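Contents: one structure, followed by commentary.
Computed from the coordinates by the stated procedures, all read-outs in this text should not be read as laboratory data. On a predicted model such as this, the values are computed, not experimentally measured, just so you know. FYI the Cβ positions are ideal-geometry reconstructions off the backbone, even for glycines, and counts take in every protein chain you see.
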């Protein structure tokens, strides 16, 4: 098991939900955490919680779909902590529809955040990881990236593409000691999903479940990789 003390992790969408859960868990293991998200208030709330527990944390507000915001995120991280060891691509938004009448604006917004964002952040951190011959990128995808749900539209397409993006990055960079893992959660109770009609929270995943899986992945010996997206789901159907 690898020691995370002193490691630096960027977590996009880190102010709430799965990202917040991952940030809290990694910081408990001594990892320095950089939170990113579009909304400042949730970032500051999570930062304060981590700091109160004795962890080191930095919050950088911004939109991962914008090159200038990603560049600022990396520059601020390097100026503060000097390196990036782990990137968690977690930022994502919902949005679906049947392809034949899908709203174009929704399509573009979902693809921008859920696919362009991970591309931009990975592209930003990879040069320094390749130079140091170490690094770990984890993409938080979805069960929708493995299945084909009718009406899932842009969200499903983006998550399928995110899985492929992770595999391309892994194959292009494993000779440089860089690992890439993709996690595909089933239904997780978060700010975005908790009010969904017909959802039984007792039969759902929670952010802590995903955080524990992330912790397991980032603490494996450096020569170990997981070759396919990891599906994590509950055994009981969470929908009434």
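Couple of notes before you dig in:
- The range 65-160, relative contact order [Cα under 8 Å, separation at least 6], %: 40
- Angle of helix 67-81 to the longest C-alpha principal axis of the chain, folded into 0 to 90 degrees and rounded to 10: 40°.
- Additional length obtainable on full extension of the chain from residue 51 to residue 223, 0.36 nm per residue less Cα span: 58.7 nm
- Residue order, fewest to most surrounding Cβ atoms within 10 angstrom, among 232, 88: 232, 88
- Helical contribution to [θ] at 222 nm, DSSP H n ≥ 4, -39,500 (n - 2.57), averaged over the chain, rounded to 500: -13000 deg cm²/dmol
- Using 0.36 nm per residue and subtracting the Cα-Cα separation, the extra length available between residue 83 and residue 128 on full extension is 15.4 nm.
- The value of relative contact order for the range 8-232, using C-alpha pairs under 8 Å at least six residues apart, is 21 percent.
- By other beta-carbon atoms within 10 Å, ranking 201, 160 with the fewest at the front produces 201, 160.
- Among 126-135, 9-18, sorting by the average number of other beta carbon atoms lying within 10 angstrom of each residue, highest first, gives 9-18, 126-135.
- Model label sites at residue 208 and residue 176, defined 7 Å from Cα along the beta-carbon direction, differ in position by 3.8 nm.
- Part-to-part distance (alpha-carbon centres) for the range 27-45 and the range 185-238, which is given in Å: 19
- Global geometry of the range 156-218, whether rounded, prolate or oblate, following the gyration tensor of its Cα atoms and the 1.5 cut on a/c: oblate
- Once the chain from residue 41 to residue 108 is taken as fully extended at 0.36 nm per residue, the excess over their C-alpha distance is 21.5 nm.
- Between residue 196 and residue 99, the modelled label-to-label distance comes to 2.3 nm, taking each label 7 Å out from Cα in the direction of the beta carbon.
- Rounded if a/c under 1.5, otherwise prolate or oblate - the chain, Cα gyration tensor axes: rounded
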